[in-house]
Amino acid sequence: MHYPNIFKEGKIGNLTLKNRIVMPPMGTNLAGPEGEVTDQLIAYYEERAKGGTGLLIVEFTCIDYEYGKGFIRQLRLDDDRFIPGIHRVANAVHNYGAKVFVQIHHAGRQSNSSLINGKQIVAPSTVACAAVGEEPRELTTAEVKELVNKFVQTAIRCQQAGIDGVEVHAAHGYLINQFLSPEANVRSDEYGGSFENRMRFIEEIIVGIKEKCGKDYPVTVRVNVDDFTEEGIDLQLGKNICRYLEKLGVDGLHISCGTYDSMDKIIESPLFEQGWRVYLAEEIKKEITIPVITVGSIREPQFVEDILAEGKADFVAIGRGLIADPEWVNKTLEGREAEIRKCINCLHCIHSVTGNSHILCTINARAGRELEFKELQCLPSDVKRQVVIVGGGPGGMETARVLSLKGYAVTLFEKNNMLGGQLHLVTDPTYKEKMNWHINYLKDEMKRLNIDVRMNTEATVDEITSINPYAVFLATGGRPKLPQVEGDDLDHVYTYEEVKLQEKVFTNNKVTVVGSGMICHGTTRRLAEAGNQVTYVEIPTKASKRIGPETRLRLLDKLKTVNVNIVTDHKLVKILKDTIIVEDLVSGKHLEMESEYIVVAMGVEAYNPLEETVRKQMENVFVIGDAAGFASLGDATREGFEKAYSLEFLVTNKEELEMHSV
């Protein structure tokens, strides 16, 4: 076996797991309006169990819906009426030989009043979480003891529901983490002050669960060993906490870090290296003998194998990687590593749930929608249909992939000498590696599925019609958008595409970059590293809206390290021969800045030269991705997948759909 350590049985307490891969808890917003289990939530977990995962830990589940809620549609188990739903989850997972835990949780000061019907949030002390910005009410000693009981009662319900074990959430700045933290816990009663007093809350929870559920019922703790905040838990304190937890009889530790005040350490952006926080688990493993689970942007099978082989952890949690590809484990087991759709850390899943949608994925359109898109309906073996796709970007290739799996004969035209489209324009080294993962995945799928890919071929209407296709998909992409101000047509104004593709090289010049988004930041840094004197004028774009605030700050810090002059909160007014004029959005004052060259990175506009002509000669024509006016990898992937999945329905019901769209 190529990965003997991944597929070695493991134990947590007396529970045997078939392999060393854990799906960590991740909020999905797939629960019902009252926190109940839904069919879609079951299908989501069932898909990952079917994919071969050894242990699935169900997302954070509320033990106190009145004060402890952390999400709009957070799963809950604070009442017996929710047991049957959790039992259905357990059954669905067990059908595939996997084990399942539930993570039990209280948000504490990282809730907010809007989530709990306007009530004041609660915490160990009246110390606010800066990211939330609401002052909490200090829990009374009696309330703390009642919360201990609520954690224990929720664990009992898990056991009654057939769940194999529980994970106590003591990480990420939530209530138990707050009790453990010297920054958040300044109580003067038995639950605050000394280290032992700060440990008392979780100690009583662990002891209570073991007493009520039995010593053999597995209990793990997800624990912060570094809050990455000034006065919170650091690694040395984290080690002390872990040693203490082992003495309490905990069966395993799931090592994590970060709070809402250091959110980028909990959910990493594309700028973080793969496995960057494995060192935390490695340090804890030196201190304890019980199993250690590590986590943190881990994507590649060999990377996982090395962690286990080198004894840095006993289990490896793959979170967003299993959202992107539920079959990660089975593909690894079967030697199909090239078929793994690796997570690119784009944070779309996070932005979707925090934006009050359910969980979605940029590169896996089925994530969170497993009931909408079940098994592909393939063409009958005696039916032969040709489909033409114009454009070899991610949307075009995703369309080709799905149609080929359904039994269509696919011809894909790409006018350039490489597949991947705009994904090649990412230049940040860490992010580029992740984009290359996705490009390579799609390219490998084109080869595996024997798709007729015609490179360096700009499709003409005659070529398309000569194939007599059943349907045509136009995925011709977009072209750089100009700012629509006076001077945008001057000779010294260039697009990011011209710079990225090195059609224009700048050295030792005064250059102003106008725009925002990942590609814009990469272009700016690249120009600065080439020795230019660079000013970055941040202009909000669609692309920038998909970047979280923590990621934006990290990107700006990167620009500062290469001496870029950063101008924010301004708009572009005019481009002149040797200067540009910008306007302060607050004061309205104009600022004129010297610049020899202007580089515009303000996103793309649709490029769709074929549609009008093709529609005159073909009936079933579909436009997807940037060519349809979208501007994200997620939109292109979703459009390609959905239209390919539903092609027969779209064709059959074309007239009716057109009537509804008018």
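The values are calculated or read from the model by the stated rules, or taken from the named source; none is laboratory data. The structure displayed is predicted, hence computed values, not measured ones. Note that each Cβ is placed from the backbone with ideal geometry, even for glycine, and that neighbours are counted across all protein chains shown.
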Go through GLY321, GLY335 for me and flag whichever is in the same structural domain as VAL304 (by TED's automatic domain parsing), part of a loop (DSSP other than H, G, I, E, B) and of a type outside the set (Phe, Trp, Tyr). GLY335
List every residue pair whose Cβ atoms sit under 8 Å apart, with the two residues 6 or more apart in sequence or on different chains, where the first one lies in the stretch 209-224 and is more than 17 Å from ALA317 (Cα to Cα) and the second, anywhere, is among the small types (Gly, Ala, Ser) and part of a helix (DSSP H, G or I). ILE209/ALA155; LYS212/ALA155; CYS213/ALA155; TYR217/ALA155
Expected output for the stretch 1-21 (first residue free of Cβ contacts under 8 Å to residues at least 60 places away in the same chain and within 19 Å of ILE163 (Cβ to Cβ), partner part of a loop (DSSP other than H, G, I, E, B) and of a type outside the set (Phe, Trp, Tyr), Cβ below 7 Å, 6+ apart or cross-chain) is THR16/GLU9
Residue count, the stretch 261-306, condition within 27 Å of LEU555 (Cβ to Cβ), touching a Lys or Arg at 6+ places or on another chain (Cβ under 9 Å) and part of a helix (DSSP H, G or I), comes to 4
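Let's see how each residue does on (1) more than 26 Å from GLU639 (Cα to Cα); (2) in the same structural domain as ALA644 (by TED's automatic domain parsing):
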site: ASN468; (1), (2): no, yes
site: THR495; (1), (2): yes, no
site: THR523; (1), (2): yes, no
site: ARG526; (1), (2): yes, no
site: ILE539; (1), (2): yes, no
site: SER544; (1), (2): no, no
Kindly indicate the residue of the stretch 493-510 that is under 34 Å from the mean Cα position of the chain (by Cα) and aliphatic (A, V, I, L, M) and also surrounded by the fewest Cβ atoms within 10 Å (Cβ to Cβ) among those meeting that condition. LEU501
Of a type in the set (A, V, I, L, M, F, W, C) and surrounded by fewer than 22 Cβ atoms within 10 Å (Cβ to Cβ), is that true of ALA43? yes
Mind counting the residues in the stretch 75-84 that are buried (at least 21 other Cβ atoms within 10 Å of the Cβ) and outside any loop (DSSP other than H, G, I, E, B)? 2
Is at least one residue of the stretch 60-74 hydroxyl-bearing (Ser, Thr, Tyr) and assigned to a helix (DSSP H, G or I)? no
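Quick grid of which residues meet (1) modelled with pLDDT under 90; (2) farther than 20 Å from ALA543 by Cβ:
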site: LEU633; (1), (2): no, no
site: ALA636; (1), (2): no, no
site: PHE641; (1), (2): no, yes
site: TYR645; (1), (2): no, yes
site: GLU648; (1), (2): no, yes
site: LYS654; (1), (2): yes, yes
site: LEU657; (1), (2): yes, yes
site: SER661; (1), (2): yes, yes
Do any residues in the stretch 32-45 that are in contact (Cβ under 8 Å) with a residue 60 or more places away in the chain and not assigned by TED's automatic domain parsing to the domain that holds GLY85 have Cβ atoms under 9 Å from those of residues that are acidic (Asp, Glu) and outside any loop (DSSP other than H, G, I, E, B), where the two are at least six apart or on different chains, and which pairs are they? none
Pick from the stretch 197-230, criterion in contact with a Ser or Thr (Cβ under 8 Å, 6 or more places away or on another chain) and in a loop (DSSP other than H, G, I, E, B), ranking: surrounded by the fewest Cβ atoms within 10 Å (Cβ to Cβ): PHE228
Check GLN103, GLN120, GLN110, GLN74 and return the single one that is over 26 Å from the mean Cα position of the chain (by Cα) and not aliphatic (A, V, I, L, M). GLN120
Pairs needed: first member in the stretch 293-321, without any contact (Cβ under 8 Å) to a residue 24 or more places away in the chain; second member anywhere, in a helix (DSSP H, G or I) and crowded, with 23+ Cβ neighbours inside 10 Å; C-beta distance under 9 Å; at least 6 residues apart or different chains. GLY321/TRP328
Among the residues of the stretch 127-139, write down those that are surrounded by fewer than 13 Cβ atoms within 10 Å (Cβ to Cβ) and either at negative phi or assigned to a helix (DSSP H, G or I) (or both). ALA130
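Return yes or no: is LEU56 under 25 Å from GLU375 (Cβ atoms), surrounded by 20 or more Cβ atoms within 10 Å (Cβ to Cβ) and touching a residue at least 40 places away in the same chain (Cβ under 8 Å)?
So LEU56 fits the description; yes.
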Give the residue, chosen from ALA171, ALA142, that is buried (at least 24 other Cβ atoms within 10 Å of the Cβ) and either in the same structural domain as VAL122 (by TED's automatic domain parsing) or not β-branched (Val, Ile, Thr) (or both). ALA171
Of everything in the stretch 370-389 that's in contact with a helix residue (DSSP H, G or I) (Cβ under 8 Å, 6 or more places away or on another chain) and either closer than 16 Å to PRO326 by Cβ or aliphatic (A, V, I, L, M) (or both), which residue is surrounded by the fewest Cβ atoms within 10 Å (Cβ to Cβ)? LEU376
Residue ranges of strands (runs of 3 or more DSSP E) in the stretch 545-647 with at least 1 members closer than 28 Å to GLU372 by Cβ and in contact (Cβ under 8 Å) with a residue 60 or more places away in the chain: 604-606, 621-623
Just to be sure I understand, how many residues within the stretch 396-419 are of a type outside the set (Lys, Arg) and under 14 Å from ARG454 (Cα atoms)? 13
Within the stretch 476-492, does at least one residue satisfy the condition of being of a type in the set (A, V, I, L, M, F, W, C), over 26 Å from GLU414 (Cα atoms) and surrounded by 14 or more Cβ atoms within 10 Å (Cβ to Cβ)? yes
Looking only at the stretch 368-417, count every residue that is at pLDDT 95 or above, part of a loop (DSSP other than H, G, I, E, B) and either among the hydrophobic types (A, V, I, L, M, F, W, C) or at positive phi (or both) and tell me the total. 5
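Of everything in the stretch 430-457, what is aliphatic (A, V, I, L, M) and within 18 Å of the chain's Cα centre (by Cα)? Give them in sequence order. Show your work before the answer.
Going residue by residue through the stretch 430-457, those that are aliphatic (A, V, I, L, M) are 435, 439, 442, 446, 449, 451, 453, 455.
Once the filter is applied, which keeps residues that are aliphatic (A, V, I, L, M) and within 18 Å of the chain's Cα centre (by Cα), the stretch 430-457 yields MET435, ILE439.
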Please specify each residue of the stretch 551-581 satisfying the condition of being out of contact with any strand residue (DSSP E or B) (no Cβ under 9 Å at 6 or more places or on another chain), surrounded by 19 or more Cβ atoms within 10 Å (Cβ to Cβ) and not β-branched (Val, Ile, Thr). LEU555
Scanning the stretch 609-639 residue by residue, those closer than 27 Å to ASP462 by Cβ and among the basic types (Lys, Arg) turn out to be ARG615, LYS616
